[in-house]
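Read-outs: derived from the displayed coordinates by stated rules, not from any lab. Values in this document were obtained by computation on a predicted structure and should not be read as measured data. Here the Cβ positions follow ideal geometry from the backbone for every residue, glycine too, while neighbour counts run over all protein chains shown.
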Amino acid sequence: MSDVTAHGASVRIEHCGKTFSDGTRALEPATLDIARGETLVLLGPSGCGKTTMLRIIAGLELPDEGGKVLFDGKDVTSMPIERRNVGMVFQSYALFPNMSVAENIGYGLKIRGLPKNERIARVAELIRLTNITGLESRRIDQLSGGQRQRVALARAVAIRPGILLLDEPLTALDAALRDRLRGELNRLLRALGITAIYVTHDQSEAMELGDRIVVMGKGRIAQIGTPREIYFTPRNRFVAEFIGAANIIEACLENGQLVLPGGRQPITSRINLAAAVAMVRPESIRLVEAAGAALSGVVDSVTFNGEKQRVVVSGASDKLLAVDAPNQVQIKPGDRVGLSISPEAVRLLPPED
Amino acid sequence: MQYGASSRRGAPWLMSHKFFVRLCLLPLVVVTAAFFLLPMARLAVTGAEGPQGLAGYLAILVEPRYRATLINTVLLAAATTLVTLIVATIAGMFLQRHRFPGRAVLIAMLTFPLAFPGVVVGFMIILLAGRQGLIGDLSNRLAGQKFVFAYSIYGLFLGYLYFSVPRVILTIMAAVQKLDTGLEDAARSLGASPWAVQRDVVLPALAPAFVASGAIAFATAMGAFGTAFTLATNIDVLPMLIYTEFTLAANFSTSAALSVGLGVITWFILALARSFSGSAVAAAG
Ligand SMILES: Nc1ncnc2c1ncn2[C@@H]1O[C@H](COP(=O)(O)OP(=O)(O)OP(=O)(O)O)[C@@H](O)[C@H]1O
Ligand SMILES: [Mg+2]
């Protein structure tokens, strides 16, 4: 559609680990394939190695011995970042304070020796595309956070990179602006058809932007999958708890039923287990009449947050159980409630440690 | 009502606050008057009390010997500043960015001469490049000829370098530490070669540190006396000239005029450099 349409490259990382010179093991050897044009999100808590992985792909960090990075099947492991043709957006934006907005956006083109008139045309188009018309000659310290973010993005895509790397680009902004820019960013990435790798620790951002999500924990890849897969079929307790709200139930499993303090809860499989770990999302639990319910408990607290209310029930499971109830239901702490959970909504997780 | 009451209560507090500020100004006023205004005024008056009157001030520019000395001094100070900035930037950048065994010791050694007076620096230059110096010995053994330059303008230049490099290195190191490495990563991701990164990102970011530390190096070199005094055989720099006029010729008015001239010219060149570098930074931006 536009002059800035980039052709994404495919990316493969093979056995890429990272041990820093001080001995910190930031990343266990990981292998990952990213398809051309895909938006892949690296998601995980602080310090889990997301930035390290991104910097290895960018070429700012060398993987440990044996690790390889391939772009479109070509080994680029030893190629420095300045020759990899990747666009980067940093959390701090890293805009050049000694250059104006237009000069920032045009810097990569100038370095590439693009003729001045082409450069001006391309910069103008990016300014339009990122909605910052009128700011061309501003200095960076005269911009708001959201405007800086757009300039950083425009600068990164101006060079028509094969791969766009974004390290928590929205984290520094306030919530409302973050939501708006998230939508804009999503549209832009789709329009450009670029391969994007997006780092965040915000799971709703990951769900909205990612074709696939890589959930990371403690330097390891915990799970790779589409947002739906990650949400509905988490592979382990870490993923289940990190993505969305999750009730973790530890109980004994008899004849396909979890034996709980407040009753019994059937699951889909028929196995017996002395110590099973299961997960149920709050929105999969329905409040019903206590009388006759297979599982029941007492309301501990109710939090109203507009679109729904979060009801915490005690005595039903081994721990408190979070339940999402419709916002109109009249309920208060101390009420006795029954809980209805469909067997499909209960996901068994591998017991760990 | 509430507001009125509180502002009436606030008024005396405001008075005492103003009084407090004035009280704080007192030391500044005293120091300015005692150490700056009064002696400077006296110096300026003395400068005009010679046989030529006010024209005595022009002597520094008109009299061939004075003018030659002035040019010498300015050139020497400018060369010192330039070379100091180059050496200190490269060294400071390396020291700040790399961790290696012995780094702390090296930094300590580099900054060790900070406390040395000019006399000691001059003495060290003589030990290095004087008639009995290391370099002379070495060149004598290798080439059969004693290479001696301690007493020339090159010896003085070396002494000034030795004097100013440690000071500037510390300033540059502090500035390098504050650099955002993200900017360099960003420039590289956009395709900039290591040279382009230095030119477009690092040096512009260090510009304020260059101006500040360069000004100090220049002013120090313009007024340095101890080193020149220790080495002085055939070099004339302004501070030496002032000293000679003052002590040997007892020519008070000329030495006063030269002193004022030294101050004004240094100040003028620094102002010029600052405005030039200011516009250069803006033009680069
Ligand atoms: N240059 C370095 N030297 C030593 N250790 C480092 C270095 N950079 C990162 N680490 C360590 O590596 C681990 C992973 O860091 P990384 O920056 O990749 O985390 P992250 O997932 O991006 O975290 P955040 O969400 O806080 O940005 C951390 O424990 C960090 O302290
Ligand atoms: Mg990070």
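Within chain A, DSSP assigns beta bridges of which about 75% are antiparallel (rounded to the nearest 5). Within the listed set A:Asn104, A:Asn131, A:Asn236, the Gaussian network model of chain A (springs between alpha-carbon atoms below 10 Å) gives the highest mean-square fluctuation for A:Asn131. The dipole here belongs to segment B:156-285: it is taken about the Cα centre, uses +1 on the Cβ of Lys and Arg and -1 on the Cβ of Asp and Glu, and is about 80 debye. Mind running the shape call on segment B:55-283? Use the C-alpha gyration tensor, a ≥ b ≥ c as the square roots of the eigenvalues: rounded below 1.5 for a/c, prolate if a/b tops b/c, oblate otherwise. Here segment B:55-283 falls in the oblate category. Taking a point 7 Å from the Cα of B:Arg67 along the Cα-to-Cβ direction, none of the residues of segment B:225-245 has its backbone N closer than 15 Å to it.
Relative to the longest principal axis of the Cα atoms of chain A, helix A:116-129 runs at roughly 20 degrees. Over all projection directions, the Cα-based convex hull of chain A averages an area of 21.7 nm². In a simple Cβ point-charge model (Lys, Arg +1; Asp, Glu -1; nothing else charged), chain B has a dipole of about 680 debye relative to its Cα centre.
Note on A:Lys50: lysines with a C-alpha under 22 Å away, same-chain residues under 8 apart excluded, are A:Lys18, A:Lys68, A:Lys218.
With a cut-off of 13 Å between beta carbons, the residues surrounding B:Ile216 carry a summed charge of +2, where Lys and Arg count +1 and Asp and Glu -1.
Between the Cα long axis of helix A:145-158 and the first principal axis of chain A there is an angle of about 60°, rounded to the nearest 10. Taking a ≥ b ≥ c as the square roots of the Cα gyration tensor eigenvalues, with a/c under 1.5 meaning rounded and otherwise prolate when a/b beats b/c, else oblate, which class fits segment B:175-285? The shape class here is prolate.
Between A:Leu185, A:Leu126, A:Leu273, the GNM of chain A built on Cα springs shorter than 10 angstrom shows A:Leu273 fluctuating the most. Under the simplified labelling scheme, the B:Ala104-A:Ser78 pair shows an inter-label distance of 3.7 nm, with each label point 7 Å from Cα along Cα→Cβ. Above 36 Å, the calculated P(r) of the protein assembly as shown contains 62 percent of its Cα-Cα pairs. The aspartates and glutamates whose alpha-carbon is closer than 12 Å to the alpha-carbon of A:Lys319, local same-chain residues fewer than 8 away aside, are A:Glu250, A:Asp300. Put in order of Cβ neighbour count within 10 Å, fewest first, the listed residues A:Arg281, A:Arg160 become A:Arg160, A:Arg281. The calculated 222 nm mean residue ellipticity attributable to helices in the protein assembly as shown amounts to -15000 deg cm²/dmol, summing -39500 (n - 2.57) over DSSP H runs of n ≥ 4 and dividing by all residues. Sorting B:His98, A:His201, B:His17, A:His15 from the fewest to the most surrounding beta carbons within 10 angstrom yields B:His98, B:His17, A:His15, A:His201.
Distance between the 7 Å Cα→Cβ label points at B:Leu248 and A:Glu283: 9.4 nm.
Neighbour counts of other C-beta atoms within 10 Å: give me A:Thr200, B:Thr46, A:Thr195 arranged from fewest to most.
If I rank by nearby Cβ atoms, fewest first, I get B:Thr46, A:Thr200, A:Thr195.
Working from label points 7 Å from Cα in the Cα-to-Cβ sense, the A:Asp22 to B:Phe229 distance is 4.8 nm.
I want to verify a result. In a Gaussian network model of chain B, Cα cutoff 10 Å, which of these has the top mean-square fluctuation: B:Ser213, B:Ser164, B:Ser275? Result: B:Ser275 has the largest fluctuation of those listed. Dividing the Cα radius of gyration of segment A:54-98 by 2.2 N^0.38 Å, with N the residue count, gives 1.31. Local charge for A:Lys319 was computed over the other residues whose Cβ lies under 14 Å away, with Lys and Arg +1 and Asp and Glu -1, and equals -3.
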